[in-house]
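As structure tokens, the structure follows; a few thoughts come after it.
The values are calculated or read from the model by the stated rules, or taken from the named source; none is laboratory data. This one's a predicted model, so the numbers in the text were calculated from it and none came from an experiment. Counting neighbours? That spans all protein chains shown, and the Cβs are built from the backbone with ideal geometry, glycine included.
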There are 2 protein chains.
Amino acid sequence: MGRIKTEHNISRKDVIIQKAATLFKEKGFKAASMRELADIVGVEAASLYNHIKSKNELLNIICFDVANRYIHKMDEIENEKISSLEKLSKLVRYHIVGMINDFDEVYVSDREWKHLDNPYLSNLQTQRRNYRKRFAAIIEEGIKKKEIKKIDAPTAVLIILHAISGIESWHRSKQKINGKELEENMITILIGGLKNK
Amino acid sequence: MGRIKTEHNISRKDVIIQKAATLFKEKGFKAASMRELADIVGVEAASLYNHIKSKNELLNIICFDVANRYIHKMDEIENEKISSLEKLSKLVRYHIVGMINDFDEVYVSDREWKHLDNPYLSNLQTQRRNYRKRFAAIIEEGIKKKEIKKIDAPTAVLIILHAISGIESWHRSKQKINGKELEENMITILIGGLKNK
């Protein structure tokens, strides 16, 4: 039986989850198999099941880990004593950095969550809907305080999140600018346009 | 044999192409069948072939029609005697309106073109690459003239086009704002952020 290479304090289970995220991103959840995952991790398929019950459990973990992180950040930002525009800017930056640094998990949680089973599926749908409402509420608050231009807040959320998901192309691009430059460019475009002069 | 309902000056072939775009959008090109298309159009499958050689020909027509329209618009805008920022604004607006009004064709040409056969596939890839270069060149010209903020132009193109592709969610959304309002919101966010004050 092969051995799982672990780095620092990352557990075997964490390694399996990370490799699963990469595999699901590249092949799609449906097409990916536990056998392939075992090959990538470097163990027998049977021994994966010492750590993980099923392919679906892996998807659950990936999706809910990402959801937790974003909800936690939202809680934090909502409670900060800063302007609404700064809150929005922080939130947008968190999304951008997430897409740059934790691309595989974020991508999978964003594109493959539809393959979750219930009750996880409907639970995550509700979480996503609430998250977007809170995102829009920050924009609405900023409009009320005249920090942000008058626009339709849910539409702005939609536009911002889609623009950020475009970082997918950046990952695939051959001649790419560095991550920090990408981050600043995106903030310039997405926040610059919303700022009320 | 059923009859194809034609409106105004739209030919039978045009009706078939429009219905094909809707079908390809909903099921994906691969999964869609000529039999289904015949059902939707309201004719026998065999009689579709009086107008169209194959499913692939339909995809060719959809993709190249859309490409032609965008290239034609790009030619037109490049030659206008207006500022680079106004050129960019016109171009972005054209993309937004295209996604709102001609959603099915634009969506199919943007998502399903990878299923084209060669030489069409590589031809369209080249056209897409050139189009994005010309798009970036307008932004670069604007930066040089100090009308547009200093950013990485190809990245700005990527962000803008992804944000616009988000109109897909708007089409699926139940409580949506009207198209004109969406258009203005998108211009506010995407062009507002790039404008050099």
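The residue of region B:1-39 that is farthest from the chain's Cα centre (by Cα), among those that are modelled with pLDDT of 90 or more and hydroxyl-bearing (Ser, Thr, Tyr), is B:SER33. Restricting attention to region B:162-190, the residues that are within 7 Å of chain A (Cβ to nearest Cβ) and part of a helix (DSSP H, G or I) add up to 12. Among the residues of region B:18-28, those that are touching a residue at least 60 places away in the same chain (Cβ under 8 Å) and either surrounded by 19 or more Cβ atoms within 10 Å (Cβ to Cβ) or within 19 Å of B:ASP117 (Cβ to Cβ) (or both) comprise B:ALA21, B:PHE24, B:LYS25, B:GLY28.
Got a number for residues in region B:137-161 being more than 12 Å from chain A (Cβ to nearest Cβ) and aliphatic (A, V, I, L, M)?
Of all residues in region B:137-161, those more than 12 Å from chain A (Cβ to nearest Cβ) come to B:137-138, B:140-142, B:144-147.
Subset that is aliphatic (A, V, I, L, M): B:137-138.
Result for region B:137-161: 2.
For region A:9-23, filtering for residues that are of a type in the set (D, E, K, R) and either touching a His at 6+ places or on another chain (Cβ under 9 Å) or at positive phi (or both) leaves 2.
Listed here are the residues, each with its yes/no results for (1) closer than 30 Å to B:LYS176 by Cβ; (2) touching a Gly at 6+ places or on another chain (Cβ under 7 Å); (3) crowded, with 21+ Cβ neighbours inside 10 Å.
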| site | (1), (2), (3) |
| --- | --- |
| B:LYS30 | yes, no, no |
| B:ARG35 | no, no, no |
| B:LEU48 | no, no, yes |
| B:HIS51 | no, no, no |
| B:LEU59 | yes, no, yes |
| B:LYS81 | no, no, no |
| B:GLU86 | yes, no, no |
| B:ASP104 | yes, no, no |
| B:PRO119 | no, no, no |
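Of the conditions (1) under 21 Å from A:LEU194 (Cβ atoms); (2) among the β-branched types (Val, Ile, Thr); (3) outside any loop (DSSP other than H, G, I, E, B), A:ILE62 clears all except one; give me its number. The failed condition is (1).
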